[in-house]
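One structure is given here, and the rest of the page talks about it.
The values are calculated or read from the model by the stated rules, or taken from the named source; none is laboratory data. Everything numeric in this text was worked out from a predicted model, so none of it was measured. As a convention, Cβ positions derive from the backbone with ideal geometry for all residues, glycine included, and neighbour counts pool all protein chains shown. Just the protein is used for accessible areas: all its heavy atoms, side chains included, with ligands, DNA and RNA removed. Shrake-Rupley method; radii C 1.70, N 1.55, O 1.52, S 1.80 Å.
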Amino acid sequence: MPDFSELAKYLAEQIDIGESSVILDEPWTLSPVRMSQPVNAPQPISAPSPAPFSQPQRSSFSTPAPAPAKPRVFNPAPAKIIIPESAKSAVPSAYENAKTLEEFYSLVAAEKLYAKTQFIRGEGKLNAPRFLLVVYSPLEKYLTNGYVNSDVGQMILRMFKSLHVTPEEIAVTYFCKKVISRMVLPQVAAVFKKMLEKEIALMQPTTVIFFGDKLLKQALAQNALKVVDFGGTPLEFAGKPATALIDPEEMFANKQLKLVTWKIQIPKCKFFS
């Protein structure tokens, strides 16, 4: 059966980008596999019936029949769908020339990735914060009063206060700045990562904290690791010191994970000493 996984992946990425329709410059077709002509095996030659004894007669010398050829086994390769370069979406880069954070947010909000959705900007101290907290994407409960005023936001503020970090030193932003129901595909994540790098360049935080496994994989490219084990490891992102901690939503639901963050991961990164 043909493998349509590449086509399905491409169409799913188009859905994440937010287009209501997909227009291709050339039709999707499967190239038929040309099968070679089957080899007809020669008919078996029956042995002649024994003739009655007689004097040998002179006859012309005949060449013996060739042995039957083995039938060829044909294994057709699975059909592969080729995505034309002309059909692939070009990534707009107007935001890369933004001079201010306000201009950056305006340009990013106009991207087709955020078409027809509520665009969520960063909050808190957006000019040179001591810590920039990066959350994968907003939940509905964050939209009313902001992330820091949510139940998990207040928990994080209390944790940071114990580390002598005030709310006035903290900024919060989102990797994907709209409400989504699932982890985005790698092609879309690459665009979000590029946008976040530009946002950090304009914001100039001292340190960046990523929350959760999704960001560990898609922003920090640690695909084979879990944040519960890897969290607190000092890294670098966009030229800034960075690390990953357990998702606050998970910490809020599981006190043991909060203890892992507090007793193991925070001392491990040494950003708070």
Of the residues in the range 124-141 that are open to solvent by 10 Å² or more (accessible area, probe 1.4 Å) and closer than 15 Å to Pro248 by Cα, the one that is nearest to the chain's Cα centre (by Cα) is Tyr136
Going through (1) assigned to a loop (DSSP other than H, G, I, E, B); (2) of a type outside the set (Val, Ile, Thr); (3) under 17 Å from Ile120 (Cβ atoms) one by one, Phe192 fails only at (1)
Scanning the range 234-248 for residues that are touching a Leu at 6+ places or on another chain (Cβ under 8 Å) and closer than 11 Å to Gly212 by Cβ, the one surrounded by the fewest Cβ atoms within 10 Å (Cβ to Cβ) turns out to be Ile246
Checked the range 112-144 for anything out of contact with any strand residue (DSSP E or B) (no Cβ under 9 Å at 6 or more places or on another chain), touching a residue at least 60 places away in the same chain (Cβ under 8 Å) and either closer than 14 Å to Met195 by Cα or of a type in the set (Asp, Glu) (or both); matches are Lys112, Leu113, Tyr114
Does Gln265 satisfy being open to solvent by 70 Å² or more (accessible area, probe 1.4 Å) and either part of a helix (DSSP H, G or I) or farther than 23 Å from Glu123 by Cα (or both)?
no
How many residues of the range 93-108 are in a helix (DSSP H, G or I) and free of Cβ contacts under 8 Å to residues at least 40 places away in the same chain? The answer is 7
Cβ pairs under 6 Å, 6+ apart or interchain, first in the range 253-273 and more than 22 Å from Pro129 (Cα to Cα), second surrounded by 11 or more Cβ atoms within 10 Å (Cβ to Cβ), ordered by first then second residue, are Leu257/Ile246; Leu257/Glu250; Leu257/Met251; Lys258/Met251
Taking the range 166-177 and keeping residues surrounded by 17 or more Cβ atoms within 10 Å (Cβ to Cβ) and either assigned to a loop (DSSP other than H, G, I, E, B) or polar (S, T, N, Q) (or both) leaves Thr173, Phe175, Cys176, Lys177
